[in-house]
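First up is the structure itself, then whatever we jot down about it.
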Amino acid sequence: MTTTEISVSHGEIAVHGAFDLAAAARFLTGFAPAGRPEADSGALRVAFPLERTWTPVGALLRQRSPGEVSVEVHGPPERAEAVVEQVRRMCSLDIDGSAFPEVARRDPVVALLQDLHPGLRPVLFASPYEAACWAVLSHRIWMPQAVRLRRRLTERHGTELDVGGRTLASFPPPAVLAEVEYLPGLSGPKLQRLRGVAEAASAGLLDGAALRAMPAEEALRELQLLPGVGRFSAELILIRGAGHPDVFPRAESRLHEILRDAYHVPNAEVAGLAEFAEAWAPFRSWVSFLFRVEGEARMRESR
């Protein structure tokens, strides 16, 4: 792993609608695919390759008030605005959430979810590139195995940064990942797929803003042209990487089971569940995220 010296600058993110950075930090620090972000005393630290330039950067987030999040940027000063924008998307603060409570008024089950998780918005992968890499790494293996592979890849080929007094590791940028020839535990076919993802990212085919600008189904079709990416992975990349706020995941069977239980429709097909989700527009991705979070919390409690 390489280490880099970087400068510090500052930015602010205006918050529209309810948002709780502490809730986002609790989720992200417990979300193994995210790597090892750190949270303490109302602060969240993250490190990632900056989209388009793929420069390793870090950010320290603090919520000064309900309507504002401050961002301490650790990276090149000329990239500070881009870092703030990427962090804004990672925390789903690029979306005006003022109308999110209206979904609860249309759906009492969603109202309960919002009460249980006040101010929690989807917390995303740093980029569609990182989401795509996770989709490849985690395909058909247990999550702990995939987490170890991601950690090994980051430790061997990532970059260490000092982010507000803590050392964090940034995931390898595409140009570095494309040159990886061997990683213990990673199969040859998966390594080839990772290289394909890296090449697509370098070519601009995994740009978050561009994916969000497309009609959702068109973006999903484009993503499925990537090596090893099917519908499930394409939805992950678009929803949890690019941050599309209004896509119902049709390939996520675990979510579908949670919904069948929540709405007491044990035999509902995916098309029927998608009809339930019509009431969640334009926040279908957000509501799906809350169902997933609550479902996983209940699973942990039952163990």
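FYI, it's all coordinate maths here, none of it is from the lab. Here the structure is a predicted model, which means the values were calculated and not measured. FYI the Cβ positions are ideal-geometry reconstructions off the backbone, even for glycines, and counts take in every protein chain you see.
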Query raised in the report: Taking the Cα atoms of the chain alone, what are Rg (to one decimal) and Dmax (as a whole number) in Å?
Result: 18.7, 56
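Between VAL8 and PHE232, how high is the FRET efficiency from 1/(1 + (r/R0)^6) when r is the Cβ-Cβ distance and R₀ = 35 Å? Nearest 0.05. Present the calculation step by step, with values, prior to reporting the outcome.
On the way: r = 39 Å, r/R0 = 1.12.
With a Förster radius of 35 Å, E is 0.35.
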Requested in this report: Would you mind classifying segment 193-240 by shape? Square roots of the alpha carbon gyration tensor eigenvalues, ordered a ≥ b ≥ c; an a/c under 1.5 is rounded, otherwise it is prolate if a/b is larger than b/c and oblate if not.
Outcome: oblate
Query - For the chain, calculated [θ]222 nm from helices alone, where every DSSP H run of n ≥ 4 adds -39500 (n - 2.57) - result: -13500 deg cm²/dmol
Requested in this report: Before anything else, pin down the relative contact order of segment 2-98: Cα pairs under 8 Å, at least 6 apart, normalised by residue count, whole percent.
Outcome: 38 percent
Report task. Could you check the simple spin-label distance between GLU269 and TRP142, using points 7 Å along Cα→Cβ, in nm with one decimal? Result -> 3.6 nm
Query raised in the report: For segment 192-302, what class follows from the C-alpha gyration tensor (a ≥ b ≥ c being the square roots of its eigenvalues): rounded when a/c is under 1.5, otherwise prolate if a/b is larger than b/c, else oblate?
Result: prolate
Report summary line: Ranked output for segments 111-123, 178-190 by mean other Cβ atoms within 10 Å, highest leading, reads 111-123, 178-190
Query - Computed FRET value (nearest 0.05) for ALA262 with SER187, which takes r as the C-beta separation and R₀ as 41 Å - result: 0.65
Query - Among ARG148, ARG166, ARG212: highest mean-square fluctuation, GNM of the chain, C-alpha pairs under 10 Å - result: ARG166
Report summary line: Note on segment 149-228: alpha-carbon gyration tensor, axes a ≥ b ≥ c; rule is a/c under 1.5 for rounded, else prolate if a/b larger than b/c, else oblate; result oblate
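Tell me, Kirkwood radius of segment 5-138 from alpha-carbon pair distances, in Å?
Value: 15.6 Å, from the Cα pair sum.
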Report task. Apply 1/(1 + (r/R0)^6) to the Cβ-Cβ distance of ARG298 and SER65, taking R0 = 25 Å, and write down the FRET efficiency to the nearest 0.05. Result -> 0.15
Query raised in the report: In whole percent, what relative contact order does the chain give with Cα contacts below 8 Å and a gap of six or more residues?
Result: 20 percent
